[in-house]
Amino acid sequence: MFCHANRVLTVAAALLTSFVSVDATAAEPFDVVSSRESFVSLVQGRELRRFGIRLTVSPDGDIIGRAFGSEVTGDWDWENGYFCRDLFWGGEDLGFNCQLVQVNGETLRFTTDQGQGIYADLTLR
């Protein structure tokens, strides 16, 4: 049991930290995406990408895609100004988390734990 829990934490950390970017975008200000409608207008018909990650976030609450060779699935909703998702990666439950979403051009920044955790920058394509 401990080995499985440790593996899940390691995989989750690897997936999340792979999103973290240090580039020119980090110096530019990000605007908070404050409503579901604004978020949907950004992601509808587009794909979120970063390194080995390609995700589609549908307006009706589905998340599908691939990350590092494994399938990603999940559900999302907008709650109290946050993108709240329940995510699975390759059969591993990455859990529920509400995230602050910010935008800068074609980059969406997702910051875990309602903006208090680590962030992931993904490009809209």
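Every read-out reported here was derived from the displayed coordinates using simple, explicitly stated rules and does not represent laboratory data. Predicted, not measured: the structure shown is a model, and the values here were computed from it. Cβ placement follows ideal geometry from the backbone for every residue including glycine, while neighbour counts extend to all protein chains displayed.
Along the stretch 86-93 the Karplus relation, 6.51 cos²θ - 1.76 cosθ + 1.60 evaluated at θ = phi - 60°, assigns HN-Hα couplings of 10, 10, 10, 10, x, x, 8, 7 Hz to successive residues, with x for each Gly and Pro.
Database remark: amide H of Leu94 closer than 5 angstrom to the amide H of Leu87, Phe88, Trp89 (H placed geometrically; neighbours at sequence offset of 5 or more, or on other chains; Pro and chain starts carry no H).
When each of Ile118, Ile63 is scored by the number of other beta-carbon atoms lying within 10 Å, the sequence from fewest to most is Ile118, Ile63.
Relative to the present Cα-Cα distance, how much length would full extension add between Asp113 and Arg46 at 0.36 nm per residue of separation?
Details: separation 67, 0.36 × 67 = 24.12 nm, distance 2.47 nm.
So the chain would gain 21.6 nm between Asp113 and Arg46.
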